[in-house]
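Written below as C-alpha cells is the structure these notes are about.
Just so you know, all these numbers are worked out from the coordinates, no wet-lab data involved. Please read these numbers as outputs of a predicted model, since none were measured by experiment. In this analysis, Cβ positions are derived from the backbone assuming ideal geometry, glycine residues included, and neighbour counts consider all displayed protein chains.
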Amino acid sequence: MSENVTATRSAASSEVTGTAGGPGLAEITVGEALRLQAEARGDAPALIYGEAMLDYATLDRQVDLLARALIGLGTQPGDHVAVMAPNSVEWVLLEYALARIGAVMVTVNPAFRSQELAYLLRQGRVSTLLTVRAHRRAEIAADLAALLPDLAGADPVRGRRGEAFPDLRHVVMLDDADLPGALTFTALLSLAEAVPRAQLAARAAAVKPGDVMQVQYTSGTTGAPKGAMLTHRGCYNNARLMAARGGFGPDDRLLSAMPLFHTAGCVCNVLGMLAVGGCLILLPEFEPGAMMSAAEAHGATIINAVPTMYRRMLDHPDAGTRGMSALRIAFTGGTSIPPALMLELRQRFGAEPMIIMGMTECSPIITQTDPSDDLETRCATAGTPLPHVEVRIADPETGTPMDHGQPGELLIRGFGVMRGYFDMPDRTAETIDAAGWLHSGDLAVLAPSGHLRIVGRLKDMLIRGGENVYPVEIEEALMTHPDIAEAQVVGVPDPDLGEEIFAFLIPTPGARLDPAAVQDWCKASFARHKTPRYIRVLDSLPLTANGKVQKFELRRMAAEAVAAGE
C-alpha cells in the first residue's frame with residue numbers, strides 16, 4: 001500500500017484516507033499566505049505574464065492597493081464580486097485582493113453569452129462585476145448594455161440601482177474600455193487613496209480560514225448551474241498538499257494557459273506556486289508554439305495542461321527544437337488520460353507525469369499520483385487521496401462500501417469539500433449526505449494500494465476538451481428555439497477533444513430544421529464548448545416501454561453516424 005493512504009475499513013473494503021507522509025492542515029487565509037511569502041521571499045519572482053514580471057513584494061503591494069480600492073468602492077465582507085475575463089495580471093490581483101478583504105470571488109467564463117451571464121448575476125447575487133469589452137466572439141460590453149439599460153445613467157462610483165439584477169451595483173472594465181455607467185480599472189485604483197492602510201489591516205485580520213473565498217459555478221443534471229462555495233482553508237490546503245506530494249519547491253516555475261476561472265487555474269496554478277514560493281508563468285490563452293516559447297524563455301520546470309493541449313504541443317513542428325531541458329513535471333487531469341500520451345511527454349520533453357483527479361466541489365483535487373510510484377502506476381491511475389481526504393467507493397443504491405476492484409460511486413469527505421451550493425440547500429443535500437460524504441456521480445475502482453481509477457460516470461456528463469458538458473443543460477437551451485420540440489444530447493468519441501457533442505432534434509409540428517442554421521443559433525446563444533458539433537433531425541426518438549428515451553440507442557446511432565462521416 002502507498003505510504004500516502006491508510007485503510008480505514010476492512011482490507012477488502014474500498015475506503016481509504018490520505019494520511020501518512022503528508023503535512024498537516026494550515027489554518028491560514030490566502031491573504032495571509034501571500035503576506036508571509038512577500039516577507040520571506042520579497043525579491044523572488046511570483047508571476048510572469050508577457051513582458052510583466054512581479055516579485056512577491058511587488059505582488060503584495062499591488063494586491064494591497066487593489067484591496068483598498070475595492071473597500072473604497074464599498075465592497076463589504078461576504079459580498080459576491082464576479083470576475084468575467086480572460087487570464088491576466090489583473091485577474092490574479094483580484095483573486096488575492098478579494099480574499100484579503102473577505103469578499104467572495106465569483107468566477108465567470110468570459111465566453112458566456114447574455115442568457116448565461118444573466119442567470120449567474122441573478123442567482124449568485126453579484127454586487128460588482130469586473131469584466132472586459134469583449135472576449136473572442138463574445139461582445140460582453142454590448143451584452144451588458146442590453147441587460148442593464150439603466151447602467152448608462154448611473155454614477156460609476158456610487159453605482160446603479162435597478163429592478164433588474166437588484167444586487168448588482170457596480171460594473172468595472174478591467175481593460176479600461178468605455179462603457180457608460182461603468183468604472184474603468186484605472187479609476188477604481190484611484191479610490192485607494194481615500195482608504196487608510198489601517199482600515200485594510202482591520203479587514204484582513206477579520207477574515208478566517210473557514211470563510212468562503214470563491215463561488216465556482218458548475219452545471220449539473222438539473223440543467224441549472226450551481227455555485228460551489230469554496231473556503232480559504234479548502235483551496236489553500238488543497239494547493240499546498242498537491243505541491244508537497246508533487247515535490248514542488250521555491251525554485252519551480254509553473255507554466256500554464258489553463259483558464260483562471262477554473263480551479264485548475266486559480267487553485268492548482270496560482271495557489272500551488274504561492275504555497276511553495278515559486279513562480280507562475282501565465283499565458284493569456286493556449287497556443288502550442290507560445291507555450292513552448294514561454295517554457296524556453298523562462299525556464300519552466302512544471303507544466304499544467306489538459307491532454308488536448310499536450311497533444312498539440314507534441315504535434316507542433318517546433319516540438320523537437322525548443323529548449324525544454326528545465327522541464328521536469330507535466331501534470332494533467334479533468335478527462336481520461338491516455339497513458340501513451342504521458343509516456344511520450346516523458347520521452348520527448350523529459351517531463352515526469354503527474355496525474356490528478358478532482359472536481360470543483362472538492363477545491364478541487366481528490367487524488368494525485370506520487371513520484372515514488374512506478375511509471376506504469378503514474379500513467380495509468382489517478383493516484384491516491386491527498387492527505388486528510390477520505391475516499392469511499394460505494395454501491396450507488398445502498399451506499400455500502402464496495403470490495404476492492406469493484407466499480408461503484410466515488411464518495412469524498414474532507415477539508416476540501418465545499419460548504420455547499422450557494423442558495424441551493426436542496427441541491428446541497430442531494431450532493432452531500434448527512435455523514436458529510438460528497439457523492440460525485442463518478443464510477444470508480446479502488447485498488448488495495450489506494451490507487452483510484454475512474455471507469456465511467458453515473459451522471460450523463462461528457463467532457464469536451466477538458467470542459468465538463470452536461471447534456472440536460474444543452475437540451476433545455478436547445479428547446480428554447482421556437483422550432484425545436486424535443487432535444488436529446490449524447491457524447492461521441494473524438495480523437496482531439498476526447499468527446500464531442502451530438503444532438504438529436506425533433507422539430508415542432510410544421511417546422512423544418514436546418515442543422516447548420518441551428519448550429520449558428522447555438523453559437524450566438526451560449527458558450528462555444530456547449531455548441532453541438534453534430535446535429536441530426538429525427539421524426540421520433542427511441543423510447544422504452546414506459547416512455548423513457550433510450551439514450552444508449554442514441555449513443556449507438558451517433559457513433560455510427562460519425563463513423564460513416566454523416
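One table, with the values for the structure above:
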quantity	calculated
Formal net charge of residues neighbouring residue 102 (Cβ-Cβ distance under 10 Å; K, R +1; D, E -1)	+1
Percent RCO, i.e. relative contact order, over segment 456-527, from Cα pairs under 8 Å lying at least 6 residues apart	25
Cα gyration tensor shape for segment 284-377, rounded if a/c is under 1.5, else prolate or oblate	prolate
Segment 30-207: relative contact order as a whole-number percent, Cα under 8 Å and 6+ apart	23
Share of pairwise Cα separations in the chain, more than 35 Å, in percent	38
Proximal charge balance of residue 477 [Cβ under 11 Å; K/R count +1, D/E count -1]	-2
Segment 401-456-segment 32-48 distance, computed between alpha-carbon centres (Å)	35
Mean Cβ count within 10 Å, highest first, over the residues of peptides 404-412, 226-234, 337-345	226-234, 404-412, 337-345
Rg in Å to one decimal, and Dmax rounded to a whole Å, for segment 30-207 via C-alpha atoms	16.0, 49
Highest average packing first - 421-427, 306-312, Cβ atoms within 10 Å	306-312, 421-427
Segment 462-563 shape via C-alpha gyration tensor axes, a/c threshold 1.5	oblate
Extension gain (nm, one decimal) between residue 553 and residue 514, 0.36 nm per residue minus Cα-Cα	11.7 nm
At most 12 other Cβ within 10 Å, DSSP loop - trypsin sites (Lys or Arg not before Pro), segment 79-177	136, 137, 158, 161
Net charge over other residues, Cβ less than 10 angstrom from the Cβ of residue 295 (K, R count +1; D, E count -1)	+1
Mean-position separation - Cα centroids, segment 488-566 and segment 277-315, in angstrom	34
Count, lysine Cα pairs under 23 Å in the chain, 8 or more residues apart or across chains	7
Sequence-separation-based contact order of the chain, relative, with Cα cut under 8 Å and 6+ spacing, percent	14
